[in-house]
Amino acid sequence: MPLIDDLIEINKRVCQDLWQVAVFPQIPSILSPHLIFPEYRQNAIRYSEQESRVLFCNLLDRTAYFYSIETPTQNQYRQSGKTDISARSDLSLYAIDNENLEKKANIEFKAKNPDSSQIGKDLEKLVKEALPGNWFHTLVNTDKGTLPSLFGKFKEELVHNITTIQPVSVSIVFCFCVLKGKEAYIKHLNIGNQAAFNNFGTILDKFFDINNNWIVV
């Protein structure tokens, strides 16, 4: 799957670039991107998903892929309020295929340890848009409970979305990048047949086991 392989490689490179980003007022090194983690008025450092998206786009500029930012979704969603409206994908990936420009994947970015509802609404877009997806998650630091707690939210929300939407397939590359630990965990969730959907609870339990076949960078 060349697209999935490309997404995994791009995710690795984004992580490596993130680990080189200077933290204000640190002087950037020769390897640092021209991007800084800024500080709040109270002198605390502001870490967010925006740095990851900028670095992701910078890498795409060096590939054959094209991209759009805050891409309107093809489907409608009722994520707040009482009416269905078009949502936005953080980033969409395009390629020229048979002389046509075609959307190939949607990417969502998150940071820290958000509420389940914040995770769920973005997973819903990745599942419902029926394209390969990429979830890039930036964590400042972790302890032994961080990833199990976070993974529990993903399992819960994926079960809800798969049960509700009943998609034909689910293909999402997950990347969890830890800034201070300079480590990352990458894995491709690929559910593509009815037998798998009948057993997706067990599949998700195995998938989100941190000791089970994650690519560790």
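Overview of results
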{"item": "Strands (runs of 3 or more DSSP E) contained in region 80-178 and holding at least 1 residues touching a Gly at 6+ places or on another chain (Cβ under 6 Å) and either farther than 18 Å from L18 by Cβ or not small (G, A, S) (or both)", "result": "100-111, 170-178"}
{"item": "D143, sole failed condition from (1) closer than 16 Å to A111 by Cα; (2) touching a residue at least 24 places away in the same chain (Cβ under 8 Å); (3) among the charged types (D, E, K, R)", "result": "(2)"}
{"item": "Any hit, region 187-203, residues being farther than 18 Å from P132 by Cβ, hydrophobic (A, V, I, L, M, F, W, C), in contact with a strand residue (DSSP E or B) (Cβ under 8 Å, 6 or more places away or on another chain) and surrounded by 13 or more Cβ atoms within 10 Å (Cβ to Cβ)", "result": "no"}
{"item": "Yes/no for N141 being exposed (fewer than 15 other Cβ atoms within 10 Å of the Cβ), at pLDDT 95 or above and farther than 19 Å from D209 by Cβ", "result": "yes"}
{"item": "Some residue of region 134-148 being of a type outside the set (A, V, I, L, M) and at positive phi", "result": "no"}
{"item": "Number of positions in region 30-58 that are part of a loop (DSSP other than H, G, I, E, B), out of contact with any helix residue (DSSP H, G or I) (no Cβ under 8 Å at 6 or more places or on another chain) and under 18 Å from F109 (Cβ atoms)", "result": "5"}
{"item": "Any hit, region 147-160, residues being surrounded by fewer than 16 Cβ atoms within 10 Å (Cβ to Cβ) and either polar (S, T, N, Q) or under 19 Å from L91 (Cα atoms) (or both)", "result": "yes"}
{"item": "Contacts under 6 angstrom Cβ, first residue in region 192-217 being in contact (Cβ under 8 Å) with a residue 60 or more places away in the chain, partner in a strand (DSSP E or B), 6 or more apart", "result": "I215/I186; V217/A184"}
{"item": "Options I162, I119, I172: the member that is more than 27 Å from Q50 (Cβ to Cβ), in contact (Cβ under 8 Å) with a residue 24 or more places away in the chain and of a type in the set (A, V, I, L, M)", "result": "I162"}
{"item": "Residues being touching a helix residue (DSSP H, G or I) at 6+ places or on another chain (Cβ under 8 Å), within 22 Å of R46 (Cβ to Cβ) and part of a helix (DSSP H, G or I) - total across region 3-29", "result": "3"}
{"item": "Total residues in region 65-79, condition surrounded by fewer than 17 Cβ atoms within 10 Å (Cβ to Cβ), part of a loop (DSSP other than H, G, I, E, B) and either in contact with a helix residue (DSSP H, G or I) (Cβ under 7 Å, 6 or more places away or on another chain) or at pLDDT 95 or above (or both)", "result": "1"}
{"item": "Hits in region 90-136 (condition: among the hydrophobic types (A, V, I, L, M, F, W, C) and over 24 Å from I191 (Cβ atoms))", "result": "I96, L101, A111"}
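The values are calculated or read from the model by the stated rules, or taken from the named source; none is laboratory data. Bear in mind the structure is a predicted one, so any value in this text is a computation, not a measurement. All Cβ positions, even for glycine, are placed from backbone atoms using ideal geometry, and neighbour counts span all protein chains on display.
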